[in-house]
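Since every read-out is calculated from the coordinates, none of them should be taken as a lab result. Just so you know, these numbers come straight off a predicted model, no measurement behind them. Ideal geometry is used to build each Cβ from the backbone, glycine not excepted, and the neighbour counts take in all protein chains shown.
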Amino acid sequence: MTLRLHLLWLLCAQTALLVYVLPMAETRAAERRVMGDVQAKLAYCEDCHGRAAQGFHGYFPIPRLAGQQPEYLKNQLEAFIERRRTNNVMFNVAHSLSPGMIAALAADFRALNPPPLGGGARHLIRTGEKIFQNGVPEANVAACAACHGPEGQGSGEIPRLAGQLPDYVYNKLINWSKERGQNPTEPDISAVMSPVAHSLTRPQVEAVAAYLSYLK
Ligand code: HEC
Ligand code: HEC
């Protein structure tokens, strides 16, 4: 009797183990597949955005994504898809990303921390720092630090600027209203930056971009 009970118990335990372990193994395999997909996609992004997503100076500057705020990154990818932000290369790239993939990539970029590439003119750093920390009161330009943070780290939908490529920052600020907020049916947060971008002179943009390019 005791032996039969014992055997019965063993049988039940084994079945329970099978019922429990098999789906777990399947879930693990699925997780590994998804992680493999994310790693492959990350490598694809880095083909253009540089090693560890530190940015790349090619025919045109390709921005640093390392350390970027996940919410900003997500909003920009959606902006490319919704044509709020114009860029044909990134429209095509963003179009193929699922929301889950976007979230996974955003978390991975956030975790990367390569040193800044630098590259801005060193004699402009001091002037750039003043503009970043204090704004340009006589031209009604608010301090960049007020929104982007005293160390340019950004928060939420406000981007990190620390370590960004200087020629990229220059291009974005000079072309702001031709590239951002381009879908009239979908007004977005880019409107906040418009007056800032319009009120800066080109030498001021160059100086602030130089300062940011060395910021960690
Ligand atoms: C073929 C080259 C190329 C590939 C591949 C590529 N990008 Fe880009 N990406 C660019 C360029 C060029 C820009 C700059 C667009 C501009 O000047 O407005 C950019 C800009 C961005 C921006 C905006 C950054 C900012 O600071 O506003 C994000 C976010 C982005 N890419 C994410 C990705 C992700 C995620 C991947 C991989 C799935 C990827 N990119 C793959 C070329 C590429
Ligand atoms: C009132 C808040 C505010 C102030 C002040 C401000 N910014 Fe911004 N900035 C933003 C927001 C919000 C965005 C994101 C816009 C978007 O989503 O298109 C942004 C985006 C940017 C970008 C684009 C980054 C990228 O990766 O494409 C640059 C460059 C930038 N700001 C530089 C500056 C500089 C330089 C100053 C100071 C002279 C400044 N900002 C002041 C809110 C601000």
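With n ≥ 4 as the cut-off for DSSP H runs, can you work out [θ] at 222 nm for the chain, using -39500 (n - 2.57) per run divided by the number of residues, rounded to the nearest 500?
Helices in the chain give a 222 nm mean residue ellipticity of -18500 deg cm²/dmol.
Using Cα centres only, tell me the gap between the range 42-57 and the range 62-77 in whole Å.
12 Å
Angle check, please: helix 70-81 long axis (alpha carbons) against the longest principal axis of the chain (alpha carbons), in degrees 0 to 90, nearest 10.
80 degrees
If we count other beta carbons within 10 Å of each Cβ, what is the order of Phe109, Phe56, fewest first?
Sorted ascending by nearby Cβ count, the order is Phe56, Phe109.
Less than 12 Å apart at the alpha-carbon level, and either on another chain or at least 8 residues along: which aspartates and glutamates does that give for Lys41?
The reachable aspartates and glutamates, counting only those whose Cα sits under 12 Å from Lys41, are Asp108.
Please report the net charge: other residues with Cβ closer than 14 Å to the Cβ of Ile174, K and R +1, D and E -1.
Around Ile174, the charge tally is +1.
Can you sort Thr27, Thr86 so the residue with the fewest Cβ neighbours within 10 Å comes first?
Thr27, Thr86
In vacuum, with every alpha carbon of the range 48-213 counted as one equal point scatterer, what does the Debye formula give for log10 I(q)/I(0) at q = 0.09, 0.13, 0.14 Å⁻¹? Two decimals, please.
The Debye formula, applied to the Cα set alone, gives -0.28, -0.61, -0.71.
Give the order of Met193, Met35, Met101 when sorted by the count of other beta carbons within 10 angstrom, beginning with the fewest.
Arranged by neighbour count, lowest to highest, Met193, Met35, Met101 become Met35, Met101, Met193.
Which residues in the range 173-210 have a backbone N closer than 20 Å to a point placed 7 Å from the Cα of Glu82 along the Cα-to-Cβ line?
176-195
Taking the Cβ of Arg84 as the centre, find all other residues whose Cβ is under 12 Å away and add up their charges (Lys, Arg: +1; Asp, Glu: -1).
-2
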